[in-house]
Each structure stands twice: as C-alpha cells, then as structure tokens.
Amino acid sequence: MYGASVDQSETNSGDKRPTLVDDPKALAAFEQRIDREETIEPKDWMPHAYRKQLIRMMSQHAHSELVGMLPEANWISRAPSLRRKMILLAKIQDEAGHGLYIYSGTETLGISRQQLTEELLSGKAKYSNIFNYPTLTWADIGIVGWFVDGAAIVNQTVLAKASYGPYARAMVRICKEENFHKKQGFEICAVMARGTSEQKRMLQDAVNRWWWPSLMMFGPSDKESPNSALLLRWRVKRKTNDELRQRFIDMTIPQAESLGLTVPDPMLKLDSVSGSYAHGEPNWDEFFQVINGNGPCNRERLASRNKAHDDGAWVREAAQAYAAKHDLSPLRTAA
Amino acid sequence: MTTENSSTKSGLVAELPLWEVFTQPPNGAPHEHAGSVHAADAEMALLGARDVYARRGNVVSLWVVPTNMITASVSQDNPAFFDPMDDKVYRHPQFYKSPKGVKNL
C-alpha cells in the first residue's frame with residue numbers, strides 16, 4: 001500500500017477521543033490546493049479529519065457494494081427467464097468488482113484490507129441501510145435496479161469529481177459500468193407494468209415498500225448531517241444530501257408516471273415554476289433504527305457475509321501454502 | 001468470526017500480499033494504473049486483476065507489480081524535485097534566431 005501510515009484507531013468511526021490537531025500552515029496550503037481544484041493523492045499531506053472521513057465514507061461505500069450483492073443473489077435461482085438470470089449474475093459480479101475498486105482506493109489511505117474486512121464482519125462498520133430490507137418478489141429486483149442503482153448513480157456521478165484522486169477514479173470506473181444496472185431494472189418494471197393486473201399490483205407494492213428507503217440512501221437531512229459542511233469545504237462532497245435527494249426525486253417521478261405508478265408520498269407536488277417536486281420527509285426514526293442494527297435483514301446480511309468469508313478461508317490458505325512451497329510470495333523476495 | 005484467519009498457523013499471513021495493477025487499452029496507449037489486488041503469488045494476482053479490472057474487455061495487456069517494490073517520489077519534495085529549470089531557455093525553439101524567409105525550420 002502506498003498511503004502514509006496512520007494510527008489505526010483513528011479509523012474507528014465511534015472514536016470519541018479529541019481530534020488530532022493539524023499544522024495550521026500545512027492545512028492552509030492544503031485548502032489552497034482544494035480551492036485550485038487540485039486532486040489530492042495518497043502521499044500528499046492531508047488533514048487528519050480528511051483522511052478519517054474518507055476512510056469512513058469509502059469503506060462504507062465498499063461494504064455497501066459487497067452487502068448489496070445479497071438481496072439480489074436471493075433471486076438468481078428464481079429469475080423468471082435465462083435472459084434475466086444472466087443479466088442478474090452479470091450485475092452482481094459488477095457489484096463485487098465495484099466493492100474491490102473502492103477497497104483498493106481506501107487502502108491508499110493507510111488502512112489494511114484485513115482491518116476493513118474485520119470491521120464489516122464484526123458489525124462495527126456501517127453499510128448502506130437499503131440493503132437491510134428484503135427482496136420479497138421479482139418486482140423488487142426491478143425496483144432495486146431502477147431506484148437503488150438509480151440513487152447510487154446520482155451519488156456517484158458527483159463523487160467522481162471528489163477531491164481525493166483514488167476515490168474519484170474508482171467512481172469514474174464504476175459510473176461507466178453501472179448504467180446498465182439501472183436500465184435492466186427499469187426494463188423489468190416496464191414489462192411488469194404492461195403485464196397482468198397481479199403483476200401490476202406486485203410492482204406497485206414494490207414501489208410502495210422501496211420508495212422511502214431509497215430516499216434515505218442520500219443520508220440524513222442537511223440539518224442532521226454533522227459531517228456535511230467539512231466534507232463540502234474539502235470537496236469530498238460537492239452537493240448536499242438534500243440536493244442529491246431532490247435530483248433523484250425529480251428524475252424518478254416522471255419515469256414512475258410513465259409506467260402508471262405512484263409513490264407513497266401524499267405531500268408530493270410538482271412546483272411548476274422550479275420544475276421540482278415538493279415532497280414529504282422520510283421517517284428518520286426508521287433510518288436510525290435500521291442503521292443501529294434493527295432493520296428487517298441486518299442480522300441475516302452479516303451472517304451471510306461471515307459465512308462467505310469463513311467458507312473461503314481454505315482458498316486463501318491453499319493459495320498461500322502453494323506460494324510458500326514454490327517460493328512465489330513477493331513478501332519473500334522483497335527487501 | 002475472522003479470528004482463525006488472523007492466526008498464522010503454518011506461517012500464513014493475515015492478509016494476502018498487495019499488487020498494483022496496470023492495464024493497457026487496445027488503442028496503443030501505454031499501460032495505466034488501474035488499482036490493486038491482493039494475491040498470494042504473481043499468477044493469482046494476474047487472474048484476480050483480470051477479473052476485477054479487465055472484466056469488460058478493452059484491455060490487451062496487464063501488469064501486476066508487488067506494491068512494496070514500487071519506489072515513488074515524495075510529493076512534499078515536488079517543487080524542487082520536479083523543477084522544470086526554466087532558466088535553460090535554450091531548450092525551447094523560440095530561443096533561436098533564423099534568417100528571414102527560411103521555411104519549415
């Protein structure tokens with residue numbers, strides 16, 4: 001790894017110790033670089049809080065890609081056609097790849113893959129709340145592609161301009177691949193919307209269940225988001241949570257209308273002047289309940305990840321044993 | 001959970017070695033850094049790099065290099081290290097005088 005080493009305890013998101021103090025001259029120079037829109041690279045000086053917040057954001061993002069495979073994997077064996085099954089497999093493979101791009105980027109900040117993995121498997125690390133909801137019907141797979149990947153694209157398109165080079169580059173790579181995820185989801189929904197009344201009912205039910213959790217993907221309201229101001233100032237974020245949420249709503253409502261679907265928000269109203277939709281607030285109590293481990297699937301997701309990791313242990317051990325036996329490990333030849 | 005993976009029975013390390021991955025596109029552009037993979041040896045690193053960074057084609061060549069074998073410049077030293085030495089004006093074509101009327105110089 002080519003990042004500067006860092007006190008590992010800093011990466012604990014629950015760490016309540018006082019923040020380390022940065023050299024004011026170095027901080028000023030850093031902020032000037034940010035203002036000049038320069039990209040920050042792994043070996044560059046950066047404030048402690050910048051490194052810490054990036055590790056938090058990037059690792060949560062990587063974990064989300066990995067855990068995000070689980071609700072979709074639930075439907076591989078039950079996809080309604082071979083075509084749908086191949087698409088779903090390819091999409092899930094992409095999610096694994098996307099997780100790895102971001103883990104790779106996170107490691108440049110001086111945290112090891114081993115530690116990132118342990119934080120996920122122990123339940124200490126967070127991942128996107130959305131994946132703690134169950135995929136009950138085939139319509140859910142359509143909605144996950146359309147809403148969940150759609151929301152992720154809104155988020156990632158902006159993150160592709162983040163000030164930290166490895167994060168931005170991983171986002172560019174992901175955005176290139178991800179558009180098919182949303183389109184295949186919308187296609188599933190469009191087919192069901194033209195189907196039997198039972199299929200239409202099933203689709204509307206999926207919209208009703210996924211709408212609010214999808215809006216929560218953008219994170220708490222700006223008023224409740226303690227890290228936002230600093231992240232915006234350092235251009236890790238370039239739009240606030242509420243701005244991105246609004247962009248997603250404005251994009252998605254006309255698409256829903258085109259399929260004859262409604263979203264479960266009685267407050268929703270098009271403002272003909274701004275072209276934007278006024279909308280209700282997600283249930284933030286539910287958001288914090290789920291993030292603290294009490295969602296419908298939190299335990300199941302963690303158990304599945306742990307099982308996958310444990311079941312793969314023998315592969316990692318065998319690969320190492322082979323490399324050791326034939327003297328192939330780079331750790332042996334390197335100084 | 002993962003404790004058995006952290007143990008080092010028979011000399012196993014907790015984390016597979018890290019390799020930097022470079023990919024070359026088919027249009028003749030040079031290899032470019034793509035990211036990294038963990039793998040026990042070079043062959044496994046190459047297979048992992050193919051699956052992660054060349055999944056969608058558009059790659060004609062892959063390099064994997066043990067991360068700890070790369071020596072990188074130190075960005076704090078950039079101003080001096082990458083000094084363009086602009087005082088060497090004679091490295092630019094504008095430095096030279098040519099007789100009028102001579103073309104294609």
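Within the range B:1-26, which residues are at pLDDT below 75 and open to solvent by 40 Å² or more (accessible area, probe 1.4 Å)?
Correct list: B:MET1, B:THR3, B:GLU4, B:SER6, B:SER7, B:THR8, B:LYS9, B:SER10, B:GLY11, B:VAL13.
From the set of residues in the range A:258-279 that are within 27 Å of the chain's Cα centre (by Cα) and not in a loop (DSSP other than H, G, I, E, B), which is surrounded by the most Cβ atoms within 10 Å (Cβ to Cβ)?
A:TYR277
Quick check: is even one residue across the range A:292-315 part of a helix (DSSP H, G or I), closer than 23 Å to A:TRP212 by Cα, within 14 Å of chain B (Cβ to nearest Cβ) and open to solvent by 90 Å² or more (accessible area, probe 1.4 Å)?
yes
Just the residues that are touching a Leu at 6+ places or on another chain (Cβ under 8 Å) and not in a loop (DSSP other than H, G, I, E, B), please, taken from the range A:68-92.
Result: A:GLU72, A:ILE76.
Here are some residues: B:ALA39, B:ALA29. Which one is more than 8 Å from chain A (Cβ to nearest Cβ), among the hydrophobic types (A, V, I, L, M, F, W, C) and open to solvent by less than 100 Å² (accessible area, probe 1.4 Å)?
The match here is B:ALA29.
Which residues, counting only those in the range A:121-144, are crowded, with 24+ Cβ neighbours inside 10 Å and either within 11 Å of chain B (Cβ to nearest Cβ) or more than 24 Å from A:ASN294 (Cα to Cα) (or both)?
Result: A:ALA139, A:GLY142.
Matching residues to (1) of a type in the set (Phe, Trp, Tyr); (2) open to solvent by 40 Å² or more (accessible area, probe 1.4 Å):
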{"site": "A:ARG56", "(1), (2)": "no, yes"}
{"site": "A:GLU65", "(1), (2)": "no, no"}
{"site": "A:PRO71", "(1), (2)": "no, no"}
{"site": "A:TRP75", "(1), (2)": "yes, no"}
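Only residues that are open to solvent by 100 Å² or more (accessible area, probe 1.4 Å) and at pLDDT below 85: list them for the range B:80-103, please.
B:ASP86, B:ASP87 - these are the residues of the range B:80-103 that are open to solvent by 100 Å² or more (accessible area, probe 1.4 Å) and at pLDDT below 85.
Quick one: in the range A:102-133, of everything that is among the hydrophobic types (A, V, I, L, M, F, W, C) and touching a residue at least 60 places away in the same chain (Cβ under 8 Å), which residue is farthest from A:ALA73 (Cα to Cα)?
Only one residue tops the list, namely A:LEU109.
Quick check on this structure: which one of A:VAL158, A:VAL172 is free of Cβ contacts under 8 Å to residues at least 60 places away in the same chain and closer than 25 Å to A:LYS52 by Cβ?
Among A:VAL158, A:VAL172, only A:VAL172 is free of Cβ contacts under 8 Å to residues at least 60 places away in the same chain and closer than 25 Å to A:LYS52 by Cβ.
Among the residues of the range B:49-61, which ones are facing chain A (nearest Cβ under 9 Å), over 17 Å from the mean Cα position of the chain (by Cα) and open to solvent by less than 70 Å² (accessible area, probe 1.4 Å)?
B:ARG55
Residues checked against (1) under 23 Å from A:ALA125 (Cα atoms); (2) touching a helix residue (DSSP H, G or I) at 6+ places or on another chain (Cβ under 7 Å); (3) modelled with pLDDT under 95; (4) of a type in the set (Phe, Trp, Tyr):
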| residue | (1), (2), (3), (4) |
| --- | --- |
| A:SER274 | no, no, yes, no |
| A:ASN298 | yes, yes, no, no |
| A:ARG301 | yes, yes, no, no |
| A:LYS307 | yes, no, no, no |
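Could you tell me whether any residue of the range B:83-105 is within 11 Å of another protein chain (Cβ to nearest Cβ), not in a strand (DSSP E or B) and not aromatic (Phe, Trp, Tyr)?
no
Among the residues of the range B:62-76, write down those that are within 7 Å of chain A (Cβ to nearest Cβ) and in a strand (DSSP E or B).
Of everything in the range B:62-76, just one residue is within 7 Å of chain A (Cβ to nearest Cβ) and in a strand (DSSP E or B), namely B:PRO66.
Provide a single number: the residues in the range A:218-237 that are surrounded by 14 or more Cβ atoms within 10 Å (Cβ to Cβ) and at pLDDT 85 or above.
11
The values are calculated or read from the model by the stated rules, or taken from the named source; none is laboratory data. Because the structure is a prediction, the values reported are computed rather than measured. Counting neighbours? That spans all protein chains shown, and the Cβs are built from the backbone with ideal geometry, glycine included. All accessible areas refer to the heavy atoms of the entire protein, side chains included, with ligands and DNA or RNA removed. Shrake-Rupley method; radii C 1.70, N 1.55, O 1.52, S 1.80 Å.
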